[in-house]
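Colleague: Take this structure, written in structure tokens, and hold onto it; I'll ask about it next.
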Amino acid sequence: MPFSYNVENALAIASVLSILGWDLSRVATAIEGLQMPEGRAQFVGLSNGSIGLVDYAHNSHGLNALLQAVREHAKRRLIVVVGVTGDRIQQAGDIGAMCARYAELVIFTSDNPMGVVQSELFRVLRSRVGSTPYFEISDRAEAIKLAKQLSEKDDLIVVCGKGNETFQYISDGKAQRHHYVGDLAALTQVEAV
């Protein structure tokens, strides 16, 4: 399991299982068998020598844990592709500021706008980025493509928010899903170009 916060989660699981009466060897076996779900901390090596990372992190807490962890391990630049859902617009300024604190480049994109106009989401996301360079690209697959094109050897591209989801909620609410290729597929499609 990558990153210290996952180790902390595993220790919490071990503590609960121990309290429930599991012996330590059974706990160790259970934890050894844990695997990250698809879309959580998924790495892909890219042909230019950069590395892509796809993760579900989509709120302030999850993004902070992920970006802090990857910042500690990034060899060169950190490029973050991130959006905010329409129902989390109140967190968008914090999310934009957090990405700018950890990354050398931020690409804002869509992530389930749920009827909120994308330009409004972008306005709030960029409101606290300071001097960190950023782009705004509504088409999520195109945003990922740009990140790949701008990356160089040993850069780390972190694509946050959707994990392995292959849909977007564009309209108001969650009643209608719109097809989306998926973050990992977008990274690998860029690779095939």
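Read the figures in this text as sums done on the coordinates, not as results from a lab. A quick note: this is a predicted structure, and the numbers were derived from the prediction, not measured. Methodologically, a virtual Cβ is constructed for each residue, glycine included, from the backbone with ideal geometry; neighbour enumeration extends over all protein chains shown.
Colleague: Any chance you could run the full-extension gain for Asn59 through Leu150? It's 0.36 nm times the residue separation minus the Cα-Cα distance, nm to one decimal.
Modeller: Stretched fully, the Asn59-Leu150 segment lengthens by 30.2 nm.
Colleague: Mind giving me the nanometre distance, one decimal, between the label points for Ser127 and Met36, set 7 Å out from Cα along Cα→Cβ?
Modeller: Distance between label points: 3.2 nm.
Colleague: Let me ask something else about it. Which order, highest average first, do 111-119, 41-49, 18-26 follow once you tally other Cβ atoms within 10 Å for each residue and take the mean per peptide?
Modeller: By packing density, highest mean first, the sequence is 111-119, 41-49, 18-26.
Colleague: Please report the relative contact order for segment 30-117, taking Cα pairs under 8 Å with a sequence separation of at least 6, and give it as a percent rounded to a whole number.
Modeller: 26
Colleague: Please work out how many pairs of lysine residues in the chain are eight or more positions apart (or on different chains) and have Cα atoms closer than 24 angstrom. Walk me through the numbers before you get to the answer.
Modeller: Numbers: Lys75/Lys145; Lys75/Lys148; Lys75/Lys153; Lys145/Lys153; Lys145/Lys162; Lys148/Lys162; Lys162/Lys174.
Eligible lysine pairs with Cα atoms under 24 Å apart amount to 7.
Colleague: Between Ala28 and Asp139, how many nm apart are label points set 7 Å from Cα along the C-beta direction?
Modeller: 5.3
Colleague: Pairs of Cα atoms under 8 Å, at least six residues apart: use those to get the relative contact order of segment 38-192, whole percent.
Modeller: Relative contact order here is 31 percent.
Colleague: Which of the three applies to segment 38-192, rounded, prolate or oblate, going by the alpha-carbon gyration tensor with a ≥ b ≥ c and a/c under 1.5 meaning rounded?
Modeller: Oblate shape, in that a/c is at least 1.5 and b/c is the bigger or equal ratio.
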